[in-house]
Amino acid sequence: MKRFYFSTFFIIALCDISSHAFAQSEVDTAKVYMLGEARVYGRTATKEIIPVQTLTGQALQKLSVYSVADAVRYFSGVQIKDYGGIGGLKTVNIRSMGSQHVGVFYDGIQITNAQNGTIDLGKFSLDNMESLSVYNGQKSDIFQSAKDFASASALYMVSRKPLFEAQKKNNIILKAKTGSFDLLNATALWECRISEKLSSSLNTEFLYTSGKYKFRYQKTGGYDTTEVRRNGDVASLRAEAALFGKINGGEWQVKAYFYSSKRGYPGAAVKKDYGISLLNEDRQKDRNFFVQSLFRKNISPLYNLKLQLKYANDYMNYVMPPESTLEPMDNHYQQQEVYLTASNLFTITKHWTANLAGDFQWNYLDADGTDMFNANFVEPRRYTILGAAATSLYLNKLNLQGSLLYTFVKDASARSMDVAPDKNVFTPTVVASYKPFTQTDLKLRAFYKKIFRMPTFNDLYYVQIGNRLLKPEYSAQYNLGFFYNKNFHHKTFKSISFQADAYYNEVSDKIIATPTSNQLVWTMINLGYVEIRGIDAALNPSFQFGKLFVNVRLSYTYQKAQDFTPDKDDGGGGSGDNDYTINVYGHQIPYIPWHSGSAIVNAVYRAWDFNYSFIYTGERYMLGGNIPENYIQPWYTHDLSIAKTLYIKASTLKITAEVNNVFNQQYEVVKWYPMPGTNFKITLTCII
C-alpha cells in the first residue's frame, strides 16, 4: 500500500511540476498548439459490405479499459466472459457462436490455440493498438488469406505503424499508470526512421497488480458478508519489435512478439462445506513468442501478390495445489505452430476482381504433468491445408461477393495412438450490398455463410475428458441489414451514422466449453442443435457546441439463442428426467443475455477531454436449464475519465484520471467470479 501511495504522489507531483513549467514558459496563450502528428483511420466505405464495427486510435485510448477484452465489450453482438477481474481469463463470443468460432487476428495473421481454441484477450494491451475491428461473417476485402474466410466472426487487432513529420526521425512515447489493486503499469514506444524506405518500432510494457479487491458474498436466507478477492495477482512483461520496409509497388514487414507472465487464478467464490475459505491457489506461468512477416507487391496492374509467414512457440505451466484429499496438479504444455499463406489477387476488369489463396498450418502439442499425461497423452500433431477462391463484382449500385473455402485436416500422434479421422470440407459464402439512392449514403446488405469448426486438441485428446470421435461443429449464418451515414453543414449537429442487422444462425453439434473447479480442466457439452436469432444496432451521432466537440456511440443487442437438440432416451430405462437435452429443450443457452448494450460519450474542449462509458448486460442463465437456481442477475457499470493535455515546446504531456464502476455495483460476468467495485487509475503520457 505504501508503494501505491508513493506512486500516486510521484505522478501527481510530476504533473504539478510540468504544469508550472508550462505556465512559466513563454507561451502565446492565443495560439493553438497541435500535436506533431495526425493519423486518419478508415476504410473505403463503398467496399465495406460486411457488417463491421471499429474503434480506432484515440477512441481506444479514451476508454477506461485495461486490455483488448475490455474494449470489445462496447461492440454490439459481443459477449465477454471474464473469470475474475484483471488476472482472470477473458474470452470473446460473437453472436452466441462460441469463442472457438471467433478468429482473432493480429496484424493480419490469426492467433491460434490448438490446445483449447481459446484466446485470452486479457493478454493484449491497447497501448500499441491502432484499431480494433469486429466482422460478422468475414472481411469485405477479398485480398486475404484462406484463414480469413475460415471463421464465423473475426476480431482484427492492428498495431501502430510509424508515421513521422517531414524532418523528424524519432517518435518516443512514455506512459506510466497507477491505481487501485496496487496497479503499476509502464510502457515505452520508440519509432525510428532509418531511411526513407525503412523504419523500426520497439514497444515494451510491464504490468503488476495484486488483484485484491473487496466484494460482497451472500446467500439467500443465509450469510451476507464482505470478502477480499485474493490470488488474482499478475506480473507480466510484453515486448514487440518490428521493421517496416517500402519497395516499388509494395511493402514488407517483420514483427517479433514476446509475452511472459505469472499470475494467480482467484477461482470460484464458493464457500466449501469444510470451511469458510474462498481462497483459490491455482497458479499459471505463460510464455508466448512469435515472429511473423508480410510481403506484398503489385506485380502488374492485373496481379497483386501477398505472402505471410509465422512461427509461434507457446509454453504454459498450470499448478493446482491440493485441496482436501485431492492430489496436486502440476502440468506443462508446449505448443508450436508454423503457418504459411499466399494470396493472389487478379484485377480482371475495373469492376471485377478475384482472389486465390492457399494456406498451410502445422500445430504441435506436448504435455507432461501429474495427472496421467506421461502414460496416456496422445501428443497430437495437426496438419491443416486451406484453399479459398473468392470473387468480387462492383457494379454501379450493386456489390456482390462469393467465396468457396476448402479445409483439409489430418491429425497424427507422436505415440502412434488413435486420432480423429481426416476431414475434407467445402464451405461457401455469398455476400450482397445494394445502394438504392445515388445521393444518399444508404446501403442494404445481406450475407449467407456456411462454416466448419474442427474440435480442439482438448476436445479430442484430453486425458480426462477428451473424445476423439467428437463431431465437428457446422454452422449456417444468415444476415440482413443496412448502414446509413450523413454529414451535416449544421452549426451544432455535425454527422450521424446508423447500422442495424437482423441475423439467424444454425449450429449443429454445438460444443459448449466451460471451466470446472479451475481454469485448466474444461467440460465439453455437445448441445446438438442450436438456433440463434438476434438484432444488432449501433448509432453514432456527433455534435459541436462552439469549441466543445461531442461524439456519441450507442449499441444494442437482442439475442435469443435456444437449444433445440431433439429429445433422447437417457439409456437407463427411466423416465428421462435426468436427461440434459429433455430439460433444456427450447431454453436459452448458457451465459447469453436476451438484452445488452453500451454507450460511450466523448467530449473535447480545448485541451480537456472527458469520456463517459456505460455497459449493460441483461438477465441470463449459467446453465442450459432456465430455472431459478441457474439465474444470473443483470449488471451494468458506469466509467468516467478526464484528461488534460499540455504542450511544452516540442513535447506533449497528457494527464488522465479514471474512475471505473462509479456506483460500486457488485456484479458477476461469470457466476461465482465477482468483479471489482469502484476503482481508479491515474495515467501520465509523455510524447517526445
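Using a cut-off of 21 Å between Cα atoms, the listed pairs LYS175/LYS681; LYS139/LYS450; LYS214/LYS654 include LYS214/LYS654 as exceeding that distance. Using the Karplus relation 6.51 cos²θ - 1.76 cosθ + 1.60 with θ = phi - 60°, the per-residue 3J(HN,Hα) values for the range 392-404 come to 10, 10, 9, 9, 4, 10, 10, 10, 10, 9, x, 8, 10 Hz, with x marking Gly and Pro. For THR637, the residues 5 or more places off, or on other chains, whose built amide H falls under 5 Å of its own are ILE615.
Converting phi to 3J(HN,Hα) with the Karplus coefficients 6.51, -1.76 and 1.60 and the offset θ = phi - 60°, the range 175-187 yields 9, 9, 10, 8, x, 4, 6, 6, 5, 10, 9, 9, 9 Hz in sequence order, with x at every glycine or proline. Below 12 angstrom from the Cβ of SER125, what's the summed charge of the other residues (Lys, Arg +1; Asp, Glu -1)? Surrounding charge for SER125 is +1. Per residue, the convex hull around the alpha carbon atoms of the range 138-212 comes to 171 Å³.
Distant-in-sequence amide contacts of PHE75, defined by a placed amide H-H separation under 5 Å and a gap of 5 or more residues or a different chain, comprise nothing. All other residues whose Cβ lies under 14 angstrom from that of GLN544 are scored, Lys and Arg at +1 and Asp and Glu at -1, for a net of +4. Quick check on my link table: of LYS285/LYS471; LYS161/LYS510; LYS90/LYS147; LYS81/LYS510, which ones sit more than 30 Å apart, alpha carbon to alpha carbon? Table pairs above 30 Å Cα-Cα are LYS285/LYS471; LYS161/LYS510.
First check a/c for the range 76-176, with a ≥ b ≥ c the square roots of the eigenvalues of its C-alpha gyration tensor; if it is under 1.5, answer rounded, and if not, answer prolate when a/b is larger than b/c or oblate otherwise. Please list the in-between numbers first.
Values: a/c = 2.45, a/b = 1.40, b/c = 1.75.
Verdict is oblate for the range 76-176.
Determine, for ARG95, ARG533, ARG620, the number of other Cβ atoms within 10 Å of each Cβ, and report the residues in order from fewest to most. Show your work: numbers first, answer last.
Values: ARG95 28, ARG533 15, ARG620 25.
In order of increasing Cβ crowding within 10 Å: ARG533, ARG620, ARG95.
Dipole of the range 378-482 computed with +1 at Lys/Arg Cβ and -1 at Asp/Glu Cβ about the Cα centre; of THR438, LEU404, MET454, farthest Cα towards the positive end is THR438. Charged neighbours of ASN611, selected by a Cβ distance under 10 Å, balance to -2 (K, R count +1; D, E count -1).
Using the number of other C-beta atoms within 10 angstrom as an exposure proxy, rank ARG283, ARG553 with the fewest first.
Numbers: ARG283 17, ARG553 21.
Ranked by crowding around the Cβ, least crowded first: ARG283, ARG553.
Sort VAL158, VAL431 so that the residue with the fewest other Cβ atoms within 10 Å of its own Cβ comes first and the one with the most comes last.
Numbers: VAL158 17, VAL431 23.
Arranged by neighbour count, lowest to highest, VAL158, VAL431 become VAL158, VAL431.
Bear in mind that the values in this text are calculations on the coordinates, not laboratory data. As the structure is a prediction and not an experimental result, all values here were calculated from the model. Note: ideal-geometry Cβ built from the backbone for every residue, glycine included; neighbour counts use all protein chains shown.
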